[in-house]
Amino acid sequence: MKEIMLGNKAFARGLYEAGAEVVSSYPGTPSTEVTEEAAKFPEIYCEWAPNEKVAMETAFGASLAGKRSFCGMKHVGLNVAADPLFTISYTGVNAGMIICVADDPAMHSSQNEQDSRHYAIASKVPMLEPADSSESLEFTKLAYELSEQYDTPVIIKMCTRIAHSQSIVNTGERVVPPAKPYEKNIAKYVMMPGNAIKRHPIVEQRTLDLTEYAEKTPLNRIEEGKDNSIGIITSSTCYQYTKEALGDKYPVLKLGMVNPLPVEKIKSFARTVGKVVVIEELDPVIENHCKAIGIEVKGKELFSIMGEFSQSVVAKALGEPEKEGCTAIDKLPVRPPVMCAGCPHRGLFYTLSKNKLNVLGDIGCYTLGAVAPLSAVDMTLCMGASISSLHGFNKALGSEGEKNTVCVIGDSTFMHSGMTGLANVAYNQSNSTVIILDNSITGMTGHQQNPTTGFDIHGDPAGKIDLEALCHAMGFNRVAVVDPYDLAETERVIKEELATDEPSVIISRRPCALLKYVKHKPSLHVDTDKCKSCRACMKIGCPAISFKNNKAHVDNTLCVGCGVCQQLCKFDALLDKEGK
Amino acid sequence: MNNTTNVMIVGVGGQGSLLASKLLGHVVMAKGYDVKVSEVHGMSQRGGSVVTYVRFGDKVYSPVIDKGEADYIISFEVLEAARYLPFLKKDGRIIVNSQEIDPMPVITGAADYPERLLDKMTELGIEVSAMDALALANEAGSPKAANIALMGRFSKFFDDITEDEWLKSIEACVPPKFLELNKKAFYLGRNS
């Protein structure tokens, strides 16, 4: 059936049609919807794992047991899962195993712009790279065949513009391949030195075999052009930009398999054209391969090593005319993302900012605590880094740091990789104050459940980890719970825990204001007679509060009546429905 | 590729641009066009400037729209319509909800919301169709249907797509319990 489908949904459809049976992932933009869509098929067991390493090992276990499996993650998630990846490359698989990694050139929703193709090369695992939704579906089915034929996990690399673009696909039926019963095989699966030494040459031979496959596969195809003075080698979304900008002007070698790369195919393509131009986003991976096999190409001297491309980027680099749009209107104010009205993080960050504390942050919606006017967060690095960095900060500065420094980490991020940092605080005893922002959901990626919420990927009841009990079990005597809507109590507890002589955990607990089950109060309004225009309510950066005619104004379509602003108004000018 | 129609749907994160692009994608696919829609996902975009690209024609390659390529900009908010002007073709058209939402720099007092933006766009010679989509949506029953009211207005520019075809696609894209609301919002927009 012909359907218009998101790249990630088409990927999930491919998993379904290929008979995948076990899916374990950690959410991460732009990869999340592959797993969310797969979870809509009752035939596939799907789950959110606590992190990407656990997800990959779960998928490996399912493959070992004989079921086709999958794990999905964003580019930085593969850093976390790199450890199992490099050795699953050695063991190979039983039933097929696919890893989705979604890169984010231009950093729409990421902390860096790393190029995942390096992981495929370094781990010696084949990588396919679809260029639209239709290929996302087809490549997924093919990847399982390759995985089983060549005894290897297969990585499918997505990027934001493929993952989050819809295009037309043709769907098919689900075909579950015959089961591959689990068989004990110590030499293949126990990677101690004596066995791994024997597996390594198998991996090297596999790369040679896959290179031979890369020479012949229609995944890597040549499209004829009218003018052979230039030949273009490209893949993924850059292929689309190339065709959009140039049509069939120049011949194109479109690579669907980016590791291992073909050698003879590239050489013979180069012989038919004058100059070879490589068009690839981020790092010069294809370019360096071409140069290594002795082909002279132009790549990064024409194109940036940073950000996303587009049809006009390609057109400009190849000397095509540029298009002109309407005249811009100057000096328009920017519109960055903001914490939502009623966000439970706001009261907490206001308190941290007011007390001029150093705040080591983490990955989540609460990174927005770094944005004006709160400007509360001092550092954000990677998942879990807040707690471990706070420990190091305090070990370096002693009481000078301990008395005015905290870290903040969300519930899902804490489960992902905060627990090990907390174990270090408990073990090596820094007098650290750790704040867990428990909004009872994985917020930034669009509301996924996690081990602390008590619900599984389908929203059905599941195991629930008790954060307080966990912290106590690690040896923390001081575990406080505060409601961040209550500014006075939040401030009192933070001051008390900073002043104490032992490590402590503060759980700032209030569900995300966007969760469906959260009941909102009616919007507040401003008594303009009482409002003295002092702007105290503006200090929290709530999108529902603005200034109109020199008085505070509450947007009643946004306000959820959280009452945090009321606590800042000394003139009782912000009133609820009852006028209180 | 030369007959491709390029539509940008812009607004503030959380205003419902995903449903608008889904509807447009569906209706043009049903007409037999090739189509690509590029979206913005993730809760962290809430309150920020968001843009969705919809492209349709005989054969569409790129999922994105570049400067000087958009035939239409459908904007959920006035400032956002102005922000993407360089993407609009010189003879392009803007369909804009007349709602103004202050961005954070305006809220904090670091900047002012620009005045007379609709007039300025018209003075630049651009065809601007401004409408109070929020009022129409409220009339239909919920402010959340402002997106579909805007699409109703936009639908008037496509003679080859019938009202019935639009309604069929609304049925395919909207959950049953919100169907009547959205149909009403669509009519109100189309007849505005």
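The values are calculated or read from the model by the stated rules, or taken from the named source; none is laboratory data. Quantities reported herein were computed from a predicted structural model and do not represent experimental measurements. Cβ coordinates were reconstructed from backbone atoms using ideal geometry, including for glycine residues, and neighbour counts include every protein chain displayed. SASA here: full protein model, heavy atoms, side chains in, ligands and nucleic acids out. Shrake-Rupley method; radii C 1.70, N 1.55, O 1.52, S 1.80 Å.
Summary of computed values
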read-out: Two-decimal ratio, the range A:78-161, of alpha-carbon radius of gyration to 2.2 N^0.38 Å; value: 1.09
read-out: Helix-only CD estimate at 222 nm, as mean residue ellipticity for chain B, using -39500 (n - 2.57) per DSSP H run (n ≥ 4); value: -10500 deg cm²/dmol
read-out: With eigenvalues of the C-alpha gyration tensor scaled by 5 and rooted, the range A:344-509, Å; value: 23, 18, 15
read-out: Per residue, in Å², the accessible surface of chain B once ligands and nucleic acids are set aside, probe 1.4 Å; value: 38
read-out: Max mean-square fluctuation residue, GNM over chain B, Cα-Cα springs under 10 Å, options B:Glu139, B:Glu77, B:Glu115; value: B:Glu115
read-out: Descending Cα extents along the principal axes, the protein assembly as shown, whole Å; value: 80, 69, 48
read-out: MRE, 222 nm, helices only [DSSP H, n ≥ 4, -39500 (n - 2.57), over chain A, to nearest 500]; value: -10000 deg cm²/dmol
read-out: Heavy-atom accessible surface of the range B:5-190: percent carbon and sulfur, 1.4 Å; value: 48
read-out: Å² of accessible area per residue within chain A, as computed with a 1.4 Å probe and no ligands counted; value: 40
read-out: Normalised per residue, the volume of the convex hull around the Cα set of the range A:220-317 (Å³); value: 83
read-out: Inter-centroid distance (Cα atoms) of the range A:368-390 relative to the range A:336-354, Å; value: 13
read-out: List of the range A:6-53 residues, accessible area with partners at least 10 Å² below that of the chain alone (1.4 Å probe); value: A:Leu6, A:Thr29, A:Glu33
read-out: Listing of the range B:49-68 residues, each with accessible area lower by at least 30 Å² in the full protein assembly than in the chain alone (probe 1.4 Å); value: B:Tyr61, B:Ser62, B:Pro63, B:Val64, B:Asp66, B:Gly68
read-out: Antiparallel bridge percentage (DSSP; both residues within the protein assembly as shown; nearest 5); value: 35
read-out: Separation of the A:Asp572 and A:Asp527 label points, Cα + 7 Å toward Cβ, nm; value: 0.6
read-out: Per-selection Rg to Rh, the range B:5-190 - Cα, Kirkwood hydrodynamic radius; value: 0.95
read-out: For residues of A:399-407, the mean tally of beta carbons on other chains within 10 Å; value: 0
read-out: Among A:Thr171, A:Ala131, A:Leu374 - extreme Cα towards positive end, dipole of the protein assembly as shown, charges at beta-carbon; value: A:Leu374
read-out: Cα-based shape type of the range A:525-575, given that a ≥ b ≥ c are square roots of the gyration tensor eigenvalues and the cut on a/c is 1.5; value: rounded
read-out: Complex-versus-alone comparison for the range A:164-181, residues with a loss of 30 Å² or more in accessible area, probe 1.4 Å; value: A:His164, A:Ser165, A:Gln166, A:Ile168
read-out: Alpha-carbon centroids, the range A:1-69 and the range A:200-275: separation in whole Å; value: 29
read-out: Accessible-area composition of the range A:220-317, carbon plus sulfur, in percent [1.4 Å probe]; value: 50
read-out: Ordering of A:345-354, A:502-511, A:409-418 by burial proxy (mean other Cβ atoms within 10 Å per residue, highest first); value: A:409-418, A:345-354, A:502-511
read-out: Interface area, A with B, accessible, probe 1.4 Å, both sides summed, Å² nearest 100; value: 4900
read-out: Rounded FRET efficiency, nearest 0.05, which uses the C-beta distance separating A:Val175 from A:Arg221 and R0 of 22 Å; value: 0.30
read-out: Top of B:Met104, B:Met121, B:Met131 by mean-square fluctuation, Gaussian network on chain B, Cα under 10 Å; value: B:Met104
read-out: Heavy-atom accessible surface of the range A:2-214: percent carbon and sulfur, 1.4 Å; value: 57
read-out: Span from the the range B:89-149 Cα centroid across to the the range A:178-198 one, whole angstrom; value: 63
read-out: Share, in percent, of DSSP beta bridges within the range A:220-317 that are antiparallel, nearest 5; value: 25
read-out: Packing-based ranking, highest mean first, of A:458-468, A:553-563 given that Cβ atoms within 10 Å are counted; value: A:553-563, A:458-468
read-out: Rough spin-label spacing in nm, given labels placed 7 Å along Cα→Cβ, for A:Lys495 and A:Cys534; value: 1.8
read-out: Descending principal axes extents, the range A:42-124, alpha-carbon based, whole Å; value: 38, 31, 17
read-out: Compactness of the range B:139-192, expressed as Rg and Dmax over alpha-carbon positions, Å; value: 10.2, 30
read-out: For A:190-203, mean number of other protein chain Cβ atoms within 10 Å; value: 0
